[in-house]
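A short write-up of the structure that comes next.
The values are calculated or read from the model by the stated rules, or taken from the named source; none is laboratory data. Everything numeric in this text was worked out from a predicted model, so none of it was measured. Please note: Cβ atoms are built from the backbone with ideal geometry, for glycine as well, and neighbour counts cover all protein chains shown. Accessible surface is based on the protein model in full, side chains and every heavy atom, while ligands, DNA and RNA are left aside. Shrake-Rupley method; radii C 1.70, N 1.55, O 1.52, S 1.80 Å.
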Amino acid sequence: MPSHTLLGLPSYIKINQPQTSQENKARNWSVNTSLGVNYKIVESKDLFAIENRNLLFLDGKPSKLPIRRLVVIDEKVYSLYREPIHEYFDAHAVELRILPLPISEPEKNWGAVERILEELDAFKILRRDEPLIAIGGGVLLDIAGLAANLYRRGIPYIRVPTNLLALVDASVGAKTGVNFQGYRNRIGTYYPPLVAFLDKTFLRTVDTRQICNGLGEILKIGLVKDRELFELLEKHGDLLVTKRFQGPGVPDLVIQRAIQGMVEELEPNLWEKQLERLVDFGHSFSPVIEMRALPELLHGEAVALDLAFSSVLAFQRGLLNSLDLDRVFKTMKILRLPTTHPLFCKPALLYEALEETVKHRNGLQRLPLPTGIGSARFFNDVTFEEIEMAASTLKQR
Ligand SMILES: NC(=O)c1ccc[n+]([C@@H]2O[C@H](COP(=O)([O-])OP(=O)(O)OC[C@H]3O[C@@H](n4cnc5c(N)ncnc54)[C@H](O)[C@@H]3O)[C@@H](O)[C@H]2O)c1
């Protein structure tokens, strides 16, 4: 490791010292500023009930009248909630422009960002007082966040997640992005919203497979850092799926613990300076495989397969005992998550996926593996032979 100078440059880089004569004096400027980040994640039941004024406020203060809002919304969600949305904004005399977008993972591309940028320009949105409102699943939120970040170098935006994965995961962090050249989220930024409003009543219209998809990300948190969350899923998983998280008690507790776990991991490391991240569990082999399998595998399903595969790796290393490994697989079955897939049985592809992850993690595997239910450690030395063995175990599961 090179030592560093005061300017933060490695010591082998020499900066010309200022000349003594006044005319030739070379100067250096060091700009040192910091960006305070403060965004909120707020449970807000019945967001479009007329008496709920959350979407009219800006930074906790009432917006200046007249209120204008540009809403970017997943087309499917718009078809389901068109009426309450229009009634709500009409009742509050909001000048509304809605951009419904046909959205899916294959359409998470630069074209979709451009479409939003065009609309922002046509709406002549005010740079500070008129937040863009993004309503939809993780794909819509990621695309809209990127557009908000790029337009006039950044305008405020509000996230309204409408399915489980977006509610517990894509709404919690600061990341935006689109896929590029066949790679997931290859273009993206860190740009948190003003606020994310969580209204789980949206989950009533989400289909079962999408609920299970979101449960893949919740299981991840339970497995690597929250044993009690894992046990809630183990015990109540079936009801959570069939009741779509409606009703008080366990459904709220599960959502709250999942978000709490995410916040604890993200807040001290929002810009990912530290690349050993527990939240990357399930995201080591899956990014390449998810893209290869498109549109067959959903994001949370690919994450779940990665959890299963990584758990087998952990078992082979003696980190996870056979009882706990069985619990992981049983819980995945309760949550109706896939536990095997042909692409997760191909050692060469899995190794290629890991190599891609090593690049993303700056040269080391930094692979989180469970060391029991609710705990994990990082490893940098997983071999091709171990991957081969785990792939053949997964084939038989
Ligand atoms: N930014 C982040 O930190 C972060 C974190 C996790 C995942 N993500 C991203 O999220 C994406 C996956 O998100 P996703 O699984 O939500 O996919 P998605 O956005 O494609 O949504 C999945 C489906 O759910 C439907 N849907 C959404 N709300 C609905 C509702 N209330 N009723 C009925 N149907 C509804 C959508 O129309 C879509 O068909 C990936 O691209 C991933 O990269 C981002």
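Restrict the search to region 272-314; then list the trypsin sites (Lys or Arg not before Pro) that DSSP places in a loop and that have at most 12 other Cβ atoms within 10 Å of their Cβ. The qualifying sites are 273.
Within region 40-205, DSSP assigns beta bridges of which about 25% are antiparallel (rounded to the nearest 5).
Mind putting a number on the dipole of the chain about its Cα centre? Charges go on the C-beta only, +1 for Lys and Arg and -1 for Asp and Glu, and I need it in Debye to the nearest 20.
Roughly 660 debye for the chain.
Think of the chain as a dipole: +1 on every Lys or Arg Cβ, -1 on every Asp or Glu Cβ, centred on the Cα centre; then among 219, 177, 341, 177 lies furthest on the positive end. Residues whose amide H falls under 5 Å from that of residue 125, counting only those 5 or more places apart or on a different chain, are absent, with hydrogens built in the peptide plane. Protein-only accessible surface at a 1.4 angstrom probe places the residues 392, 44 in the order 392, 44, largest first. Counting only the Cα atoms, the chain fills a convex hull of 170 Å³ per residue. Rounded to whole numbers, the Karplus 3J(HN,Hα) couplings from phi for region 110-119 are 4, x, 5, 5, 4, 4, 5, 4, 4, 5 Hz, using 6.51 cos²θ - 1.76 cosθ + 1.60 with θ = phi - 60°, and x at Gly and Pro.
Divide the volume of the convex hull around the Cα atoms of region 40-205 by the residue count and you get 101 Å³ per residue. Only one residue of 197, 308, 350 has its Cα farthest out toward the positive end of the dipole of the chain, where Lys and Arg carry +1 and Asp and Glu -1 on Cβ, and that residue is 197. Averaging the sequence gap over all C-alpha pairs within less than 8 Å and six or more residues apart, then dividing by the number of residues, gives region 40-205 a relative contact order of 26 percent. Relative contact order for the chain: what is it in percent, counting Cα pairs under 8 Å that are at least 6 residues apart? Relative CO of the chain lands at 13 percent.
Determine the percent antiparallel among the DSSP beta bridges restricted to the chain, to the nearest 5.
Counting DSSP beta bridges with both partners in the chain, the antiparallel share is about 40 percent.
Could you rank 190, 88, 39 by how accessible they are, 1.4 Å probe, largest area first?
If we order 190, 88, 39 from most to least accessible, we get 190, 39, 88.
You can think of it this way: the chain between residue 37 and residue 355 has 111.2 nm of extra reach, that is 0.36 nm per residue less the Cα-Cα gap.
Comparing 54, 149, 362 in a Gaussian network model of the chain (Cα springs below 10 Å), the most mobile by mean-square fluctuation is 362.
Among 246, 181, 316, the largest mean-square fluctuation in a Gaussian network model of the chain (Cα springs under 10 Å) belongs to 181.
Highest GNM mean-square fluctuation among 155, 85, 289, for the chain modelled with Cα contacts below 10 Å: 85. In this structure the amide hydrogen of residue 374, modeled in the peptide plane, comes within under 5 Å of the amide hydrogens of 224, 225, 226, none closer than 5 places in sequence on its chain. The HN-Hα couplings worked out from phi for region 243-260 by the Karplus form 6.51 cos²θ - 1.76 cosθ + 1.60 (θ = phi - 60°) are 8, 6, 6, 7, x, x, x, 3, x, 5, 4, 5, 4, 5, 5, 5, 5, 4 Hz, whole numbers, x standing for Gly and Pro.
Dipole magnitude for region 40-205: about 500 debye, using +1 per Lys or Arg Cβ and -1 per Asp or Glu Cβ, origin at the Cα centre. Apply the a/c threshold of 1.5 to the C-alpha gyration tensor of region 253-397 and tell me whether it is rounded, prolate or oblate. Rounded shape, in that the Cα axes give a/c under 1.5.
Only protein heavy atoms count here; under a 1.4 Å probe, residue 351 has an accessible surface of about 70 Å². Separation of region 330-392 from region 47-89 is 42 Å, based on Cα centroids.
For the chain, the share of accessible area belonging to carbon and sulfur comes to 52 percent (1.4 Å probe, ligands and nucleic acids excluded).
For the chain, the mean residue ellipticity at 222 nm estimated from helices alone is -13500 deg cm²/dmol, where every DSSP H run of n ≥ 4 contributes -39500 (n - 2.57) and the total is divided by all residues, rounded to the nearest 500. Accessible area per residue for the chain, computed on protein heavy atoms with a 1.4 Å probe, is 49 Å². Selection among 188, 158, 78 by position relative to the dipole of region 40-205 gives 188 as farthest towards the positive end (Cβ unit charges, Cα centre).
Remark on residue 99: its backbone amide H falls under 5 Å from those of 71, 72, 73, a criterion applied only to residues 5 or more positions apart or on other chains, H modelled at 1.01 Å from N.
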